[in-house]
Every structure is written in C-alpha cells, then in structure tokens.
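*Asks:* First the structure, which I've put down as structure tokens, then a few questions once you've had a look.
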Amino acid sequence: MRLFVRFFFFALLFAAVGIVSAHHALTVLFDTSTTVDIAGEVTEFEFVAPHSYIHLSVTDRTGERSAWQIETYPPGMLIRKGLIPDTLRSGDWISVRGYPTRDGRPLMRLLIITLPNGEERQIQ
C-alpha cells in the first residue's frame, strides 16, 4: 500500500510540473524569432492575473478591421514597468511590437508599447 501511495504522489507531482512548465513555455505558442508591429484602438485593457491583455481594433491596409489580443505580464509586473489600470482606456490609439503566434491568430506577446502620448515603454 505504501508503494502505491508513493507512486501516486510522484505521478501527481510529475503531472503538475508538466502542466506548469507547458503554461509558461513562451516559445510553444509564440514565434520568438520574429516580431510584428501593429497599431490600433484600445477596446479593453484587462489588468488581471495571470496575464493581462490589451484588446485592439486594428484596421489593415485594405480597410478590413480585426480584433487583436496583446498578452502581457500580470498586474504587479506591469506596475513596475509603469503601467497602471488607468494608463490605457477604450478609444486610445497605441502601437505595439511583439511576438506573433505560430498559428497566425491575431494574438501577440507584448515586447514594446507606444502609449497614446507617444511615450515608448519596453515591457519584456
């Protein structure tokens, strides 16, 4: 019975480690070998853990609009970078640079943000 309990404990431990490491594997979801620059209108700023998100309405060269999600750090780290919940509001125009997804979704991992006042901040 003790052997079974030990085996079960270690199996759960290894499963938990795999889940945590998969969640934090940046290169699995994002292509860190290239960056993308986009600009658009802020529709929402989710200042939440474990990842904050900036939602943008982006118009491409053909005039077609798309909704982008910009993934970034949790609130505590953003505050240290100088971003607070009131930094971005719906209707603000910003530009961002980040790592695109490997599958082409309109989602990126934020590296640099240019705020509505023109100030550029290195986030990651």
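Readers should treat all values here as calculations from the given coordinates under stated rules, not as data from a laboratory. All values derive from a computational prediction rather than experimental measurement. Neighbour counts are summed over all protein chains in view; Cβ atoms, including those assigned to glycine, are modelled from backbone coordinates with ideal geometry.
*Asks:* Can you tell me the length gained on complete extension of the stretch GLU46 to ARG61, counting 0.36 nm per residue apart and subtracting the Cα distance? List each step's numbers first, then the result.
*Replies:* Values: separation 15, 0.36 × 15 = 5.40 nm, distance 2.73 nm.
Contour length minus the Cα-Cα distance gives 2.7 nm.
*Asks:* Please report the net charge: other residues with Cβ closer than 12 Å to the Cβ of SER95, K and R +1, D and E -1. Intermediate values should be presented prior to the final figure.
*Replies:* Details: positive: ARG97, ARG121; negative: ASP37, GLU41, ASP92, GLU119, GLU120.
Local net charge: -3.
*Asks:* With only alpha-carbon pairs counted, each pair once and no self-pairs, how large is the Kirkwood hydrodynamic radius of region 31-122 in angstroms?
*Replies:* 13.2 Å
*Asks:* Now for a different question. With the cut-off at 1.5 for a/c, could you classify region 60-114 from its C-alpha gyration tensor as rounded, prolate or oblate?
*Replies:* oblate
*Asks:* Subtracting the Cα-Cα distance from 0.36 nm times the residue separation, let me have the gained length for SER33 to GLN122 in nm, one decimal.
*Replies:* 30.3 nm
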